[in-house]
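Undergrad: I am attaching a structure below and will ask some questions about it afterwards.
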Amino acid sequence: TEKTMDTIVSLCKNRGFIYSGSEIYGGLSNTWDYGPLGVELKNNVKKAWMKKFVQESTYNVGLDSAILMNPEVWVATGHVGGFSDPLMDCKDCKTRHRADKLIEDFTGESADGWSNEKMMAFIKEHHIKCPNCGSENFTDIRQFNLMFKTFQGVTEDAKNTVYLRPETAQGIFVNFQNVQRTTRRKLPFGICQVGKSFRNEITPGNFTFRTREFEQMECEFFCKPDTDLEWFKYWKDFCENWLYELGLTKENLRLRDHRPEELSFYSKATTDIEYLFPFGWGELWGIADRTNYDLSRHQEHSGKDLTYFDQEANEHYIPYVIEPSLGADRVTLAFLCDAYDEEIVDEAKKDTRVVLHLHPALAPYKAAVLPLSKKLGEPAKEIYAKLSKHFMIDYDETGSIGKRYRRQDEIGTPFCITYDFDSSEDGCVTVRDRDTMAQERLKIEELDAWLQEKVDF
Ligand code: ATP
């Protein structure tokens, strides 16, 4: 059968990757809770990002800044005045739409950077219809601010208004000097952060692709002016390779350079890495040359000198910034969609299996320990105890061995370790490979090191 969002959503729900939020209360639209397997998968994605972007990078360091920030931050960046979506309502069925998304969905044309007037004219000219009822009868476009607002302290007045951050990036910019001073870094260097962001999206949907609460993995890479385009290319390649190394299919990825008229006014170059989801192409990763825009704005609004002293050149300047910004939930969804497969095992017997071909580094469980019979539970549990000190391991002794293999295939466990009646004699177990279904006999004492090598990323 075809790979659809419905099959992915139902697998996620039934196997404990992702549930709908607040379900017993009838839910809260477009909120999702990561279950036991989902939390492992998403954590593994974040760990894989931190590993390549921070641990193995000689350039980058980490940060975890507060979600609530001084509201002046969002005035400086233009988010208070300008971070908004162009909205329009259908006059007939009263549904609300994002004008730019309507244009994109109907014509494939990107409306990034267009004025309201231009979008309105385009919608009329191309007879774009309400996807809900087919009407062409729309209201005018108005701008709607995407930031969630709340109050800090006991009085709910304008003075106490704070915002939930709509991106993690600004926590990095306001700490640029702290990090530079305390790590004594010289340019170029980057600061990386993983954390929640919030946007009051008008058209959330497509499962976890677009939600109002989501996690981002962002790197702000500071470099000398005029070296920015070189570094832009460097990080673009780096990001693309990260996805390939974790097994994402090349045919399902494409890089889309923003055309000059699409670029934000401060950006010199932007490329989106897009993935072909079952519902179509969607942005995974935005890589942007943000020039010295953010630091300049913060220097102006805070009154603090945010220049960097370049000893070699003996000059002060505001660094340029390359920003690769990736959604943790989005890329997790991409890995899930990419890994999903329904395989015919035996045509004659109409035997098929559902399998998630997740990279072992991402798989929720690295292995499952399965005693061939319940009678072998005790020694099998010893193997579980040993391996689970270093890895997430599942243990399952219920049902036939074939059924247990299939259950592990469906949740992406790369290896099944079967303890059988010979194991106490030869000190070996049978290890079955998820993808090839091939089996090999391995020494119990060597399992730990063997598995470590397999899950390495
Ligand atoms: P879009 O055009 O899809 O709204 P964007 O261009 O506004 O995205 P950015 O501001 O560049 O997105 O955010 C960087 C990354 O954060 C995106 O590439 C995406 O992976 C993730 N992201 C942004 N908004 C959401 C959201 N509402 N839900 C989930 N992930 C998101």
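The values are calculated or read from the model by the stated rules, or taken from the named source; none is laboratory data. Bear in mind that the values here come from a model prediction, so they are computed numbers and not experimental data. Heads up, the Cβs are rebuilt from the backbone with ideal geometry, glycines too, and the neighbour counts pull from every protein chain shown.
Undergrad: Specify which of the listed residues (Val162, Val154, Val179) is in a helix (DSSP H, G or I) and away from the ligand (no atom under 16 Å from the Cβ).
TA: None of the other options fit; the residue is Val179.
Undergrad: Quick test for you: out of Gly282, Gly327, pick the one residue that is within 13 Å of the ligand (Cβ to nearest atom) and in contact with a helix residue (DSSP H, G or I) (Cβ under 8 Å, 6 or more places away or on another chain).
TA: Going through Gly282, Gly327 in turn, just one is within 13 Å of the ligand (Cβ to nearest atom) and in contact with a helix residue (DSSP H, G or I) (Cβ under 8 Å, 6 or more places away or on another chain): Gly282.
Quick grid of which residues meet (1) more than 28 Å from Leu11 (Cα to Cα); (2) modelled with pLDDT under 95; (3) part of a helix (DSSP H, G or I):
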| site | (1), (2), (3) |
| --- | --- |
| Glu378 | yes, no, yes |
| Lys386 | yes, no, yes |
| His390 | no, no, no |
| Thr398 | no, no, no |
| Tyr405 | no, no, yes |
| Ser424 | yes, no, yes |
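Undergrad: Turning to a different aspect of this structure: Could you list, in sequence order, all residues of the stretch 285-320 that are part of a strand (DSSP E or B) and within 14 Å of the ligand (Cβ to nearest atom)?
TA: Trp285, Gly286, Ile287, Ala288, Asp289, Arg290
Undergrad: Given the conditions (1) assigned to a strand (DSSP E or B); (2) at pLDDT below 95, which single one is not true for Val194?
TA: The single condition Val194 does not satisfy is (2).
Undergrad: Just for the stretch 27-76: of the residues that are assigned to a loop (DSSP other than H, G, I, E, B) and among the β-branched types (Val, Ile, Thr), which one is nearest to Tyr163 (Cα to Cα)?
TA: Restricting to residues being assigned to a loop (DSSP other than H, G, I, E, B) and among the β-branched types (Val, Ile, Thr), the top hit is Ile67.
Undergrad: Another question, if that's okay. Mind telling me which of the residues Leu326, Leu356, Leu333 ends up being outside the structural domain of Gln299 (by TED's automatic domain parsing), buried (at least 23 other Cβ atoms within 10 Å of the Cβ) and in contact with a strand residue (DSSP E or B) (Cβ under 8 Å, 6 or more places away or on another chain)?
TA: Leu356
Undergrad: Would you confirm whether any residue within the stretch 304-317 is charged (D, E, K, R), closer than 30 Å to Arg259 by Cα and at pLDDT 95 or above?
TA: no
Undergrad: So Cys93 ticks every box in (1) loosely packed, with under 15 Cβ neighbours inside 10 Å; (2) among the hydrophobic types (A, V, I, L, M, F, W, C); (3) modelled with pLDDT of 90 or more; (4) not in a helix (DSSP H, G or I) but one. Which box is left unticked?
TA: (3)
Undergrad: Identify, from the list Glu220, Glu201, the residue that is charged (D, E, K, R), closer than 27 Å to His301 by Cβ and modelled with pLDDT under 95.
TA: Glu201
Undergrad: Let me ask something else. I'd like to know if the stretch 356-370 contains one or more residues that are without any contact (Cβ under 8 Å) to a residue 12 or more places away in the chain, of a type in the set (A, V, I, L, M, F, W, C) and more than 16 Å from the ligand (Cβ to nearest atom).
TA: Taking every residue of the stretch 356-370 in turn, none turns out to be without any contact (Cβ under 8 Å) to a residue 12 or more places away in the chain, of a type in the set (A, V, I, L, M, F, W, C) and more than 16 Å from the ligand (Cβ to nearest atom).
Undergrad: Tell me which of these Lys268 doesn't satisfy, since it passes every other one: (1) in contact with a helix residue (DSSP H, G or I) (Cβ under 8 Å, 6 or more places away or on another chain); (2) within 15 Å of the ligand (Cβ to nearest atom); (3) at pLDDT below 95.
TA: Lys268 satisfies all of (1) in contact with a helix residue (DSSP H, G or I) (Cβ under 8 Å, 6 or more places away or on another chain); (2) within 15 Å of the ligand (Cβ to nearest atom); (3) at pLDDT below 95 except (2).
Undergrad: Still on this structure, please answer the following. Do the conditions hold for Thr352, that is, is it β-branched (Val, Ile, Thr), assigned to a loop (DSSP other than H, G, I, E, B) and over 30 Å from Thr271 (Cα atoms)?
TA: It is false that Thr352 is β-branched (Val, Ile, Thr), assigned to a loop (DSSP other than H, G, I, E, B) and over 30 Å from Thr271 (Cα atoms).
Undergrad: Pairs only if they're at least six apart or on different chains, beta carbon under 7 angstrom, first in the stretch 204-218 and closer than 14 Å to Met147 by Cα and assigned by TED's automatic domain parsing to the domain that holds Gly327, second near the ligand (Cβ under 6 Å from one of its atoms) and of a type outside the set (Lys, Arg); list them, first residue then second.
TA: Listed pairs, sorted by first residue: Thr211/Asp329; Arg212/Glu201; Phe214/Gly327; Phe214/Asp329.
Undergrad: Look through Phe198, Phe232 and report the one residue that is buried (at least 20 other Cβ atoms within 10 Å of the Cβ) and either within 30 Å of Asn132 (Cα to Cα) or within 16 Å of the ligand (Cβ to nearest atom) (or both).
TA: Among Phe198, Phe232, only Phe232 is buried (at least 20 other Cβ atoms within 10 Å of the Cβ) and either within 30 Å of Asn132 (Cα to Cα) or within 16 Å of the ligand (Cβ to nearest atom) (or both).
Undergrad: Determine whether the stretch 264-277 contains at least one residue that is part of a helix (DSSP H, G or I) and not β-branched (Val, Ile, Thr).
TA: No, the stretch 264-277 contains no residue that is part of a helix (DSSP H, G or I) and not β-branched (Val, Ile, Thr).
Undergrad: Which members of the stretch 157-195 meet the condition of being surrounded by fewer than 17 Cβ atoms within 10 Å (Cβ to Cβ), over 22 Å from His79 (Cα atoms) and β-branched (Val, Ile, Thr)?
TA: Thr182, Thr183
Undergrad: Can you find, within the stretch 235-265, the residue that is surrounded by the most Cβ atoms within 10 Å (Cβ to Cβ) among those that are in contact with a helix residue (DSSP H, G or I) (Cβ under 8 Å, 6 or more places away or on another chain) and among the hydroxyl-bearing types (Ser, Thr, Tyr)?
TA: Thr249
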